[in-house]
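Below: the structure, in structure tokens.
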Amino acid sequence: FWVYSFSQGNKRNRAIAVIYACLSLILLMGSRSATAILTAVFLFFILGFSVAYKRIFRTVIGPLLSSLFLFTFFICLIPIFYLGLDFILSMPELIGKDLTFSGRTDLWVTIFDEVKTHLLYGSGFGGFWVVGSAPIESLYNIHIWLPNQAHLGYLDTINETGIIGFVIMAIMVVYYFINLSKFEGSHFWKWFVIAALVLNLMESCLMSYSRSITSTFFIYSYLALFCETMKRSEEQY
């Protein structure tokens with residue numbers, strides 16, 4: 001919101017936006033949440049690339065864009081080849097995680113074994129993480145830290161709604177971005193959709209009734225694009 005206010009507002013609103021920006025960054029770093037920090041970094045990277053593409057790449061570079069990506073790719077490979085495997089293995093430690101991402105990878109293996117038992121239809125929406133159920137009791141015998149989600153939302157989606165539900169969700173997301181690419185002008189609410197999709201890689205926060213805040217933002221932000229598209233279509237006719 002403060003990025004949007006800074007780009008659209010007057011001097012007073014921009015000053016307020018800067019203050020809120022500083023407070024947001026302080027709270028972000030103070031949370032010490034690797035998930036939140038990585039999501040913020042990813043969103044700022046997309047924002048920076050989007051601005052650069054509109055103002056520089058699209059109007060200036062043209063064919064040189066491919067060369068730039070190739071150059072960047074090989075530059076990124078240099079430290080990997082130079083420092084070897086130890087460099088790759090130490091990368092999670094930079095954000096306070098180990099190679100299992102705080103036990104997440106072991107949990108994923110266990111839940112994936114559960115997914116295989118009902119791969120097509122799933123266990124039912126909200127039907128797996130039920131305290132006292134046989135699958136959860138079995139899982140808690142293995143993972144004594146008592147997880148209440150897979151910490152990978154897409155895996156939870158497959159587990160609860162099966163391949164059928166996951167494919168429907170994937171089609172919905174692809175359809176959104178196809179329409180977004182055709183949308184003329186900027187669409188602020190897309191950032192909430194992107195943020196939800198990124199967060200869902202590290203937490204089960206999308207399409208989950210028990211974590212409704214992110215899901216609610218995702219659904220309304222998703223619908224905002226189509227409402228604005230319909231409004232513009234009606235104005236043209």
- prompt: Which condition number in (1) small (Gly, Ala, Ser); (2) out of contact with any Cys (no Cβ under 8 Å at 6 or more places or on another chain); (3) surrounded by 13 or more Cβ atoms within 10 Å (Cβ to Cβ) is the one that Gly153 fails?
  reply: (2)
message: If the requirement is being in a loop (DSSP other than H, G, I, E, B), touching a residue at least 60 places away in the same chain (Cβ under 8 Å) and of a type outside the set (Asp, Glu), which of these qualifies: Gly126, Gly122?
response: Gly126
query: Out of region 173-183, which residues are assigned to a helix (DSSP H, G or I) and surrounded by 11 or more Cβ atoms within 10 Å (Cβ to Cβ)?
result: Val173, Tyr175, Tyr176, Phe177, Asn179, Leu180
query: Just a yes or no: is a residue in region 130-150 out of contact with any helix residue (DSSP H, G or I) (no Cβ under 6 Å at 6 or more places or on another chain), closer than 30 Å to Met230 by Cα and open to solvent by 70 Å² or more (accessible area, probe 1.4 Å)?
result: no
message: When you check Phe188 against the structure, is it modelled with pLDDT under 85 and surrounded by fewer than 18 Cβ atoms within 10 Å (Cβ to Cβ), yes or no?
response: yes
statement: Picked from region 1-17 (must be at pLDDT 75 or above and open to solvent by less than 70 Å² (accessible area, probe 1.4 Å)), the residue nearest to Met202 (Cα to Cα) is Ala17
field: Count of region 209-234 residues which are small (Gly, Ala, Ser), at pLDDT below 90 and open to solvent by 20 Å² or more (accessible area, probe 1.4 Å)
entry: 3
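The values are calculated or read from the model by the stated rules, or taken from the named source; none is laboratory data. Here the structure is a predicted model, which means the values were calculated and not measured. For neighbour counting, all protein chains shown are included, and Cβ atoms are generated from backbone atoms with ideal geometry for every residue, glycine included. With ligands, DNA and RNA removed, areas are computed over all heavy atoms of the protein, side chains included. Shrake-Rupley method; radii C 1.70, N 1.55, O 1.52, S 1.80 Å.
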